[in-house]
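Working notes, beginning with the structure itself.
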Amino acid sequence: MSTSYLPERASTLVIGGGPAGLVSLKYAVEYGEKWNQGEEPILVEMESEIGGTFRWRGYENAELVSSKQLTCFSDFRYPLSAPDHPSLPNFVRYLNSYASHFGITPYIHTSTKVISLRKVPSDDGFKHLATLQRLDGNKEPIGESTEVLAKRVIITTGLHVTPNIPIIPGLNSEPKSKNAPEWIHSSSYKSRSQLKGKEILVLGAGETGMDIAYESIMANYPMSNDDDRKDKEYDNDNDNTSLDDNTETEKKKVWIGIRNGFLSFPKVLNNFKVLGFSFNGNLPIDGLITNLFEDVYVHKWISQSHLRWFISDLIIKRVLWLLTGTMAGCNQWCGELPPEKQGRAYVFLNKSAKAMQFINQPYYNLSSIHKKFAHYIDPPKPKGNPKIDIVPFPKKFDQDTGIAIFDKPPKHRSKEIAWKNQICKPDLVVLCTGYKQNWDWLSEDYPKGPEQCEIRGVCSEKDLSVAFIGFVRPGVGAIPPISEMQTQLFQLLSQNKIPIPTSPETYHLLHSPTSRIQYGVDHSTYMSTLSKDIGSSPGLLELWRKYGWFVLFVYCFGAAFPTFYRLTGPFKSEKAKGIVETELWETIQRRGLLGNIFMGVIPMAFYAVINITAYLIEKTWLYTAPLFGLPPPPDNIMPKSHQKKVELL
Ligand SMILES: Cc1cc2nc3c(=O)[nH]c(=O)nc-3n(C[C@H](O)[C@H](O)[C@H](O)COP(=O)(O)OP(=O)(O)OC[C@H]3O[C@@H](n4cnc5c(N)ncnc54)[C@H](O)[C@@H]3O)c2cc1C
């Protein structure tokens, strides 16, 4: 990685060195327009190393919540023997290997921040003028700023970089109250040692909130055996106290404060006991949705009506009730969303379920008869039977005492009572309140983020030389492979190799219009939409002719893995067939015969009937309408409220 020489002109400027930046650089080098000497593509990253959020905002024991099969880029895969959910440091090593494997390291400039981007008049297309600032190890500027002129700009500055810090009176408001608890944002949390010996209030019920709530228990309550820490590289050097030596730290309270609710679903389908038999299938949930008739060969009305999401939510809830006794989530007994929002059509599933047994503890209510039929098997508990008390998000902290003061929880969570019968006076508040994006550094003539990019949230027809990559988040899925498909789309659009896509956007999650986060998508619907735009969605006949039955079968039964979109189309790769026949086949094989019947054959047959029916209705309507003087069948049946409003510049 280079920190010295920066060219004055760049055919492509990639801003950000996380997964989205790296894959964008790789495609710019491999598939971008040819460049003149001294005008090579460059990537600038403000931190001293690449890896993005996985490198800089990870913490001890953090693992990917998306599986390696779905998270990896299409042509550079983890070995079969690697765990399904690698640790964050391991994934950062993967990203570094990706950069060196594809020879893009010389184009990367670390410790270099883009402080502004504006357009300048140009005859040769080099119209983006970026002002860059070199930074030292403490992120202080070194020397004067420099400028780079670029022909294309790919913005990959990430969804999870700038902390979103709500101001809570009595905690972090001005003037400071003298008894205010200590607080940190989750981006500053690194290791258990920060939690040890403290009463903790975690605010926010996303995956990081769940992880830190769990870590707060583990920091203060010893496990019966040894402690369960996996990677100790985040440890403070001066903290070597063993938990077992320090019994004083026991019985510390942990609370989790949440606003509306969350939907818990562990990242791996595992640990059920049904009629005395344990199910330990070890199936990553993001690899379970099959392609055929769910993502491909779906009639436009079915995809626009989101029927598949609603039906699968309906069925999954009933199955969850049978297996765990509750429908709010998988073995989730409190903190639920309102019933009308309990489904993957509406929210990001919380796939970090480690804290659930401690949160559930006061509310767990499975009848003994149901338990005999089926139940969820929780992992072993630490000594002392600890719990995490669920409370609403505090409206303030008392100025004099530092005690948290709450409003009532929402009506659907009225059974939760810790907020009124406990004194919540934490030593440390951890704000797991997410991140926000800042576009102040972009001049007026740029879209202010992906919200203003009407082409799949990636770019705008007004200027196809600018892209925003990595700014959608799937309900269940992964951002890196989505970024790969987005950058493929951008390469083709910016070189005028494909027309502007116009098909309706059926992939947005159905967030409420007032929700802070509006960038949720359904992973497989978004991937399959992009593959159609790009021209890399393989036809079944084409697959069979080129690759035979086996690859066709794996494609139909597999999830929306990015490698499928390299079998055919403009980014066809020789490696794809081998990956499909080994790693992707393995995701199907491990479901077993019964799993493939219940998760593959039955849904496929069901959706086949629905899609064929819609097709027959459309065709009958089309041919008979003129006979009765009726209008032709509509192309778009999406309700206005579900159509994404794009604020044009
Ligand atoms: C604990 C944790 C676990 C996660 N687990 C998963 C998971 O399992 N699967 C998943 O898909 N996602 C996961 N995520 C989300 C993860 O953040 C994204 O998937 C991933 O970071 C997206 O990559 P990106 O390149 O878009 O953004 P980032 O990785 O955030 O990279 C953006 C980069 O841009 C740089 N940058 C920003 N502004 C500038 C500037 N002005 N100049 C130069 N550089 C700049 C930043 O320093 C950063 O390195 C997790 C996040 C966390 C915190």
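The values are calculated or read from the model by the stated rules, or taken from the named source; none is laboratory data. Because the structure is predicted, anything quoted here is derived from the model rather than measured. Glycine also receives a Cβ, built like all others from the backbone with ideal geometry; neighbour counts cover every protein chain displayed. Ligands, DNA and RNA are stripped out before the accessible areas are found, and what is left, the full protein with its side chains, is counted by its heavy atoms. Shrake-Rupley method; radii C 1.70, N 1.55, O 1.52, S 1.80 Å.
Once R0 is set to 41 Å, what does the formula 1/(1 + (r/R0)^6) return for the Cβ-Cβ distance between SER512 and GLN589, expressed as a FRET efficiency to the nearest 0.05?
Details: r = 40 Å, r/R0 = 0.98.
Once the sixth-power term is evaluated, E becomes 0.55.
With the full set of protein chains in place, find how many percent of the accessible area of region 1-118 is carbon and sulfur; take the probe as 1.4 Å. Walk me through the numbers on the way to the answer.
Details: 2110 of 4080 Å².
C and S fraction of accessible area: 52 percent.
Pull up the DSSP beta bridges for the chain and report the antiparallel fraction as a percent, rounded to 5. Don't jump to the answer; show the numbers that get you there.
On the way: 31 of 68 bridges.
If we restrict to bridges inside the chain, about 45 percent are antiparallel.
So if each residue of separation counts as 0.36 nm, and I subtract the Cα-Cα distance between ILE403 and SER97, what length gain in nm does that give?
Details: separation 306, 0.36 × 306 = 110.16 nm, distance 4.84 nm.
So the chain would gain 105.3 nm between ILE403 and SER97.
Whose amide H sits under 5 Å from the amide H of VAL391, counting only residues 5 or more places off or on another chain, with H placed in the peptide plane?
ILE256, GLY257, ILE258
Place +1 on the Cβ of every Lys and Arg and -1 on the Cβ of every Asp and Glu in the chain, take the dipole about the Cα centre, and give the residue among MET218, ILE612, PRO394 whose Cα lies farthest towards its positive end.
Projecting each Cα onto the dipole axis, the largest value belongs to ILE612.
Just how large is the dipole of region 263-363 about the Cα centre, in debye to the nearest 20, putting +1 at every Lys and Arg Cβ and -1 at every Asp and Glu Cβ?
Numbers: 10 positive and 6 negative charges, 23 e Å.
So the dipole magnitude of region 263-363 works out to roughly 120 debye.
Of LYS267/LYS415; LYS26/LYS532; LYS139/LYS196, which sit over 25 Å apart, Cα to Cα?
Values: LYS267/LYS415 27 Å; LYS26/LYS532 22 Å; LYS139/LYS196 29 Å.
Long pairs (Cα-Cα over 25 Å): LYS267/LYS415; LYS139/LYS196.
Which of the helices in the chain, when you take each full DSSP H run, stretch at least 18 Å along the axis at their Cα atoms and have an average Kyte-Doolittle score of 0.5 or higher?
Counting only whole DSSP H runs, the qualifying helices are 307-324, 602-624.
Order of 348-360, 425-437 by packing, highest average Cβ count within 10 Å first?
Working: 348-360: 23.7, 425-437: 20.7.
Result, highest mean Cβ count within 10 Å first: 348-360, 425-437.
Pull out the extension gain between LYS396 and LEU616, defined as 0.36 nm times the separation in residues minus the alpha carbon to alpha carbon distance; nm, one decimal. It would help to have the intermediate numbers written out before the result.
Working: separation 220, 0.36 × 220 = 79.20 nm, distance 5.87 nm.
Net length gain for the segment: 73.3 nm.
Could you tell me which residue out of PRO410, GLY548, VAL254 lies farthest along the dipole of the chain toward its positive end? Charges go on the beta carbon: Lys and Arg +1, Asp and Glu -1, centred on the Cα centre.
PRO410
At 7 Å along the Cα-to-beta-carbon direction for both VAL319 and GLU144, put a label point, then send me their distance in nm to one decimal.
6.4 nm
Note the full-extension length gain between LEU6 and ALA608 as 0.36 nm times their separation in residues minus their Cα-Cα distance, in nm to one decimal. Don't skip to the answer; put the middle values down first.
Values: separation 602, 0.36 × 602 = 216.72 nm, distance 5.49 nm.
Extending this stretch completely gives an extra 211.2 nm.
Quick one: which residues, 5 or more positions from ALA374 or on another chain, have an amide H under 5 Å from its amide H? H modelled 1.01 Å from N in the peptide plane, none for Pro or chain starts.
The answer is LEU275.
Going 7 Å from the Cα of GLN495 toward and past its Cβ, which residues in region 96-115 have a backbone nitrogen under 11 Å from where you end up?
Counting backbone N atoms under 11 Å from the label point, the list is empty.
Zone of MET223 (label point 7 Å along Cα→Cβ, backbone N under 17 Å): which residues in region 360-404?
378-386
Could you tell me which residue out of GLY158, GLN194, GLY137 lies farthest along the dipole of region 96-200 toward its positive end? Charges go on the beta carbon: Lys and Arg +1, Asp and Glu -1, centred on the Cα centre.
Projecting each Cα onto the dipole axis, the largest value belongs to GLN194.
So if I average 1/r over every pair of distinct C-alpha atoms in the chain and take the inverse, what Kirkwood radius in Å does that give? Mind dumping the intermediate values first?
Working: mean 1/r = 0.0378 Å⁻¹.
Computed over the chain, the radius equals 26.5 Å.
Can you figure out the FRET efficiency of TRP544 with VAL274, using R₀ = 25 Å and their beta-carbon distance, to the nearest 0.05?
Details: r = 37 Å, r/R0 = 1.50.
Once rounded, the FRET efficiency stands at 0.10.
Suppose R0 equals 51 Å. What FRET efficiency, 1/(1 + (r/R0)^6) with r the Cβ-Cβ distance, do GLU49 and PHE310 give to the nearest 0.05? Provide the component values of the computation, followed by the final result.
Working: r = 44 Å, r/R0 = 0.86.
That pair, GLU49 with PHE310, gives E of 0.70.
Report, to two decimal places, the Cα Rg of region 396-448 normalised by 2.2 N^0.38 Å (N = number of residues).
Dividing the Cα radius of gyration by 2.2 N^0.38 Å gives 1.89.
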